[in-house]
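Worksheet: the structure to be examined is printed underneath.
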Amino acid sequence: MGGQQTDAELPEDHDFALWEKRVDALMVLCSTKGYFTVDGLRRAIEDMGEEAFETMSYYERWVAAVNQNMIEADAYTLAELGERMEQIKARGPTYGEATDG
Amino acid sequence: MPHDHHDDDFHHHGMSPSGHPYRADDDHPLTYWQTMEIAMRELLTEKAILTPAEIAAQIDAMDSREPANGAAVVARAWMDPEFKSRLLANASDASREMGFDIGPMHLIALENTADTHNVIVCTLCSCYPRNLLGLPPDWYKSRSYRSRVVKEPRKVLAEFGLSLPKGTTLRIHDSTADMRYIVLPARPKGTDGWSAEDLATLVTRDSMIGVGVPKSPS
């Protein structure tokens, strides 16, 4: 495959983790349902600034951008999100344990 | 690999001591962003904006898309001149004709000829003809590819093992959110009389991005 043998300039392909696939699915489904446009996602990602590209992975930027757009679309509130994230953290230390069903 | 590195050094490069990229899995400590994903999914489900079945079906659909879909389109264009005309006129409609779900996006097919070679990129993010090729490879999303392929395309193509003759015109096409490109590579010589199925086996993902060419027969 292209690019992989050369100076590590271009990263390798890898399978996506389940949480990453879910982020992708949330992005496609919510935009299909009209909650935001791809331009809205891009705007959110570009607003994160250069540092986000150094410190966050691809789907980390996407989940943040989808979340911001959904809050702007009044799908849920920031308070609801924060409260739920606290509950989830209390369920267990790993993604598998914290995912409720 | 030498084995005298510091762990931090590996970590900085995202590589394990055996030289493999770290992979996130369900049994690693929960991250802030994973927590956000779970919270979003639960809230959207509770508010009846999404159902778990919709999310599962979307992941299934995404997993089932693969470059073979694009290869089938390319092979048909090689076999059928009328289909090729329709593909070059409107790649979305021509792909739908073959039963592929293209969604609302505008797809444009770029024909490689004896003197012109096309390459696709999304310099802003990662727009990609995912309905025909599946999810983009990591390198397509990398800043390295996105920044360099428009600046030093021949050098980037050489890294993929593709050296074009000096006189070849190279066109780099920058995708947008609503407009995606797919490269229609040139049909390899020595494939006269081949079936569409056999032709499709020569069409690689990279040849439809433009960083490669189809496999040679034999």
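Some points to look at:
- Cα-based helix-to-principal-axis angle, B:32-46 vs chain B, degrees rounded to 10: 80
- Under the combined filter of DSSP loop state and at most 16 neighbouring Cβ atoms within 10 Å, the stretch B:24-97 retains none of its chymotrypsin sites (Phe, Trp or Tyr not before Pro).
- Most positive-pole-ward Cα, A:GLY82, A:VAL63, A:THR99, against dipole of the stretch A:51-101 from beta carbon charges: A:THR99
- Tensor-based shape of the stretch B:66-209 (alpha-carbon gyration tensor, a/c under 1.5 rounded, otherwise prolate or oblate): oblate
- Surface share of carbon and sulfur [accessible, 1.4 angstrom probe, percent] for the protein assembly as shown: 52
- The mean sequence separation of alpha-carbon pairs under 8 Å and at least six residues apart, normalised by the residue count of chain B, gives a relative contact order of 21 percent.
- On Cα atoms only, tilt of B:52-64 relative to the major axis of chain B in degrees: 40
- Interface burial for A against B (accessible surface, 1.4 Å probe, total of both chains, Å², rounded to 100): 5400
- At R0 = 22 Å, FRET efficiency that the Cβ-Cβ distance of B:LYS155 and A:PHE53 yields, to 0.05: 0.50
- Highest-fluctuation residue, B:ARG65, B:ARG180, B:ARG96 considered, GNM on chain B with Cα pairs under 10 Å: B:ARG96
- Accessible surface area normalised per residue over chain B is 49 Å², counting heavy atoms of protein chains with a 1.4 Å rolling probe.
- Residues of the stretch B:100-132 with amide N under 17 Å of the 7 Å Cα→Cβ point at B:ARG171: B:107-122
- Annotated for the stretch B:66-209: lysine pairs at least 8 residues apart or interchain, Cα distance under 30 Å, count 10.
- Of the residues B:PRO136, B:PRO52, B:PRO188, the one that moves most in a GNM of chain B with alpha-carbon contacts below 10 Å is B:PRO52.
- Rolling a 1.4 angstrom probe over the protein heavy atoms with all chains in place gives the stretch A:18-98 an accessible area of 46 Å² per residue.
- The solvent-accessible area of B:MET40, taken with every protein chain present and a 1.4 Å probe, is close to 0 Å².
The values are calculated or read from the model by the stated rules, or taken from the named source; none is laboratory data. Since the structure is predicted, the reported quantities are computational estimates derived from the model, not experimental observations. Neighbour counts run over all protein chains shown; Cβ positions are idealised from the backbone, glycine included. Side chains included, ligands, DNA and RNA excluded: accessible areas come from the protein's heavy atoms. Shrake-Rupley method; radii C 1.70, N 1.55, O 1.52, S 1.80 Å.
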